1. Could you tell me the distance between the Cα centroids of segment 430-452 and segment 352-398, to the nearest Å?
2. Counting only helical runs of four or more DSSP H residues, what would the 222 nm mean residue ellipticity of the chain come to if each run contributes -39,500 (n - 2.57) and the total is spread over all its residues?
3. What distance in nm lies between label points placed 7 Å from Cα along the C-beta direction at V75 and I43?
4. Using only alpha-carbon positions, what ratio does the radius of gyration of segment 264-396 give when scaled by 2.2 N^0.38 Å?
5. With +1 on each Lys and Arg Cβ and -1 on each Asp and Glu Cβ, and nothing else charged, work out how big the dipole of the chain is about its Cα centre, in Debye to the nearest 20.
6. Determine the sum of side-chain charges near L50: Lys and Arg each +1, Asp and Glu each -1, restricted to other residues whose C-beta is under 12 angstrom from that of L50.
7. Just for segment 122-193, what percent of DSSP beta bridges are antiparallel, to the closest 5?
8. Could you pull out the pairs from K408/K512; K396/K515; K290/K526; K167/K515; K290/K515 whose alpha carbons sit more than 32 Å apart here?
Amino acid sequence: MDACSWAVCLFIAAVLRYDFKLVRIDVPPLVILVLGLGVVQFIAGMAAWLYQGRYAVGSLEEIRALGWMLVVETVIIGLLDVFVGINVGLPRSLVFSAAPFTLCLMLCTRLLRRLVNERPQTSVHPRGRRTLIFGAGSLGQITLHRMQLDSRAPYQAVGFLDDDTEKGNLSIRGVRVLGRLEDLPAVAEQIQASVLVVAIADANPTQMARVMSLASPLDIDVKVVPTLDKSFGDRVRVGAIRDVAIEDLIERPPVNLDIPRIASYLSGKRVLVTGAGGSIGKELCVQIKKYGPASLVLLDHDETHLQDTEFALWGTGLLTRPEIVLADIRDYDGLQRVFNEWSPEVVFHAAALKHVPMLQRYPQAAWNTNVLGTLNVLQCARSVGTQVFVNISTDKAANPSTILGHSKRMAERLTSWMGEQTGYDYCSVRFGNVLGSRGSMVPLFQRMIESDIPLTVTHEEATRYFMTIPEACQLVVQAGAIGSAGDVMILDMGDSVRVMDIVNRLIEISGKDCKVQITGLREGEKIHEVLVSTEEEDGVSHPENRIVRAVVPPLPPHDLDYEEWLLLARGGDIVPTDHVDSIDEEIRSMSIPPAQMKASTRV
């Protein structure tokens, strides 16, 4: 077709050159030129990968490649015609005159082929739900294109909504912009739409809350189109249309990563992650793997969760990789063998117990895992010369009022002490609730809604800080690049959010009429969490975007005393004698090396 385009356009150019006097056209040299250009077109087209199926038919990439190829081809053959053509009876301007016509004809053939290719895939009698698309930009256009090409798509696009007044008269592939978002009630009623798809890249929670407030009274299902990669060349990559999630409705500051700084301490290094099977640990491994560590060791005491992490990283679940390690941080000897084998240069310590009510009932478990387990990991890291140690903490360690908070506070202080002893960057990272993490409140609320169980909230005015798992882990990795000995890096999670607002939004998303019960605050629970302790406020600094630095006082291991700690954690209550006896028995059985023992404290 491209060779035929040259032939037709060269003949047209010759006719125009001789003022439609066909007798003046010297046919034999013109035929030779056509054949020569056909050969050159084939060679140039193969070199530009036009004829090997590299480009989608009629795509911008194909047009770009075609244009460059035609320019080069025209210059070479045109110059040859200028110097040689006059001697063989060809006008010197023939090739240059024919080139624009040739390009137009080549583009027309590709457009025709694209229309023919797409026509059979378009549903002649669409049966999907009548759908409005909010956003007539590139993401909205791609969404419409996907809907129209799939005859089995559950959605039939019948109109656009867009707040940009300049798009008021826009029509895309036969689908018009029918108004602004405020016009949703009238437009939806007029065209009988039952679905609204939000196709706006980086739609912020304020926009989503506005969408939900308008759509909910109309009984319209709201869907979103998430972007996988915001841009790649000239393309926008999009994921599958999904339901609105709670993270779409919570305002959070953007995450801006210092990629070179992160890569400098992770690339080519031996990295170990404890608690790698947990929600945070798994996502940490995913984030770390992007920076090309020499080895990434996954340590956890739960083999099923390790399998989940292996699948997330490598797409397998065989549990045969040497980097997947089954070990318990409470087992010092076993942990030391792992560190001796791998000698990690960077350690992310995410293993911990985290449920407040359970640890209130079993403080010994919190002590064994969150305090002594952290000490075990710290000592093993020091023994092999680990240079960067990041302890994953929680906002409950700031002004702690629960067993969990006090145990994590001790872990922060032990990390600070070890950083002083080694001179290396041993720091802690503190953040609040993580949306979607295993065992957190939001998934529990969602299960209650699905089961038609009344949602339980401790206090109407209770507030918490929230961020998503990827956001938290990205900032944890960044904090490891800037933290130094004794620091607690506190992630800026934006403004705190009322738990009742989260519950109401979840109910709104579900479309159900769910009841809410106020149960009252549990033992040690706060109405409002804070990220910085009172004694830390004077020394707070802001070294990087979205990360605050505070200094935690160090705690030597020989000062550890379970009884004193438990008295403090319980608010000074006297510990029953029988409970102390059981504590003694449990501590004697713990696997703590002799170097940590202190007779007077039984540790």
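1. Value for the Cα centre distance between the two parts: 23 Å.
2. Here the helix-only value at 222 nm equals -13500 deg cm²/dmol.
3. 1.7 nm
4. 1.01
5. For the chain, the charge dipole is close to 2760 debye.
6. Charge balance in the 12 Å sphere: -1.
7. Percent antiparallel among DSSP bridges in segment 122-193 is about 20.
8. Those over the limit are K408/K512; K290/K526; K167/K515; K290/K515.
The values are calculated or read from the model by the stated rules, or taken from the named source; none is laboratory data. What you are looking at is a predicted structure, and each value in this text was computed from that prediction instead of being measured. Cβ atoms come from the backbone with ideal geometry, glycine included; neighbour counts cover every protein chain shown. Surface accessibility is based on the protein's heavy atoms, side chains included, excluding ligands, DNA and RNA. Shrake-Rupley method; radii C 1.70, N 1.55, O 1.52, S 1.80 Å.
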